[in-house]
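One structure is given here, and the rest of the page talks about it.
The values are calculated or read from the model by the stated rules, or taken from the named source; none is laboratory data. Keep in mind that this is a model prediction, so the values were computed, not measured. When we count neighbours, we look across all protein chains shown, and the Cβ atoms used for this are built from the backbone with ideal geometry, even at glycine. Note: areas computed on protein heavy atoms with side chains; ligands, DNA, RNA excluded. Shrake-Rupley method; radii C 1.70, N 1.55, O 1.52, S 1.80 Å.
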Amino acid sequence: MNEVRELLDRAAEGAGQPAFSARAVYAKAARIRRRRRAAASAAVLAVVAAGAFALPRTGGDEGPAPASVASAGPSPSAAAAADRAGRLAALLPPDVGEIEEVALLALIKGATPEQARTTRLGPLDGQYAFRRDGGVGYLVLSLEDREAVVKKTGRPADPDEDLCVRVGQEPSRTDCEREALPDGRALTTWRDTMDVGGDDSVGWGPELAGRLVQPDGSQFLVRSSTGFEGTGTQGPLLPEPPLSRAQLKALLTGPEVLPKG
């Protein structure tokens with residue numbers, strides 16, 4: 001089971017309508033991407049390249065994460081530093097591009113602010129758009145405490161578990177790397193082509209995913225995605241995930257993602 005793909009399920013728990021199932025976000029990804037690659041229509045390709053899909057309005061100024069844009073770099077403005085996007089940008093090099101906090105359920109499924117609201121345990125938990133060179137990728141970061149992990153999987157996260165080993169029919173993780181950290185935590189990162197089946201109108205591009213398991217049975221889950229095409233897209237895919245493996249590791253293992261106290 002790819003725990004990282006469960007991130008949007010948490011965001012959808014309060015939706016109250018099956019139409020907002022996070023699993024539907026990934027539906028038909030393989031079909032959409034194959035059609036995109038094989039499309040002979042230059043007009044269709046031009047529409048995708050221009051990012052012609054509009055962001056749905058959610059009918060209100062207040063949402064799960066007020067949009068805040070910050071240029072990544074060592075010295076963001078005082079206003080940007082006060083929000084999650086600004087604090088995240090302050091931790092990253094300037095070449096990652098502009099960072100904006102978004103709500104993927106609102107973009108893709110047209111969810112209301114209340115339906116797209118998420119529970120955040122970590123100070124940087126959230127869903128972020130990375131805009132660079134005309135493309136838009138996404139970073140999704142979420143801390144799950146021991147209770148949440150047990151509720152989802154039936155047991156706490158285990159630092160000794162090797163996610164790079166295929167179990168049963170579980171899809172294998174490509175370019176998978178596992179590192180046992182000196183403090184008892186375990187960090188695993190891998191690549192995912194996102195060639196999955198389903199029946200929705202969104203096609204996700206390749207991504208770099210990761211899980212940091214902590215000794216107390218909690219875990220951080222992260223996706224560094226090249227973006228998506230279809231309903232709600234904000235622009236073309238990035239050629240590479242917005243954050244590299246080294247940048248993901250530095251982010252996940254730094255004190256800035258940990259709850260205060």
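Of note:
- Verdict on A106 being over 22 Å from S244 (Cβ atoms), in contact with a Ser or Thr (Cβ under 9 Å, 6 or more places away or on another chain) and not in a loop (DSSP other than H, G, I, E, B): yes
- Boolean, A209 is in a loop (DSSP other than H, G, I, E, B), within 26 Å of Y138 (Cα to Cα), open to solvent by less than 60 Å² (accessible area, probe 1.4 Å) and at pLDDT 90 or above: no
- Meets criteria (more than 28 Å from K109 (Cβ to Cβ), surrounded by 14 or more Cβ atoms within 10 Å (Cβ to Cβ) and touching a Lys or Arg at 6+ places or on another chain (Cβ under 6 Å)) for Q247: no
- Single residue of the stretch 120-135 satisfying the filter (over 15 Å from the mean Cα position of the chain (by Cα) and among the charged types (D, E, K, R)) that is most open to solvent (accessible area, probe 1.4 Å): D133
Every residue, every condition in (1) at pLDDT below 95; (2) within 18 Å of L143 (Cβ to Cβ); (3) surrounded by fewer than 18 Cβ atoms within 10 Å (Cβ to Cβ); (4) in contact with a Cys (Cβ under 8 Å, 6 or more places away or on another chain), yes or no:
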| site | (1), (2), (3), (4) |
| --- | --- |
| A186 | no, yes, no, no |
| D195 | yes, no, yes, no |
| V222 | no, yes, no, no |
| S225 | no, no, no, no |
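- Residue check for G168: over 27 Å from A89 (Cα atoms) and either free of Cβ contacts under 8 Å to residues at least 24 places away in the same chain or in contact with a Leu (Cβ under 7 Å, 6 or more places away or on another chain) (or both): yes
- The number of residues in the stretch 121-147 that are of a type outside the set (S, T, Y), touching a residue at least 12 places away in the same chain (Cβ under 8 Å) and under 21 Å from S218 (Cβ atoms) comes to 14.
- Verdict on R173 being in contact with a strand residue (DSSP E or B) (Cβ under 6 Å, 6 or more places away or on another chain), more than 20 Å from R120 (Cβ to Cβ) and at pLDDT 95 or above: no
- Candidates G230, G203, G217, G184, filtered to the one that is over 24 Å from L91 (Cβ atoms) and touching a Pro at 6+ places or on another chain (Cβ under 6 Å): G217
- In the stretch 109-168, residue nearest to L252 (Cα to Cα) [restricted to those that are assigned to a strand (DSSP E or B) and in contact with a Pro (Cβ under 8 Å, 6 or more places away or on another chain)]: L143
- The single condition among (1) touching a helix residue (DSSP H, G or I) at 6+ places or on another chain (Cβ under 9 Å); (2) aliphatic (A, V, I, L, M); (3) modelled with pLDDT of 90 or more that A111 does not meet is (3).
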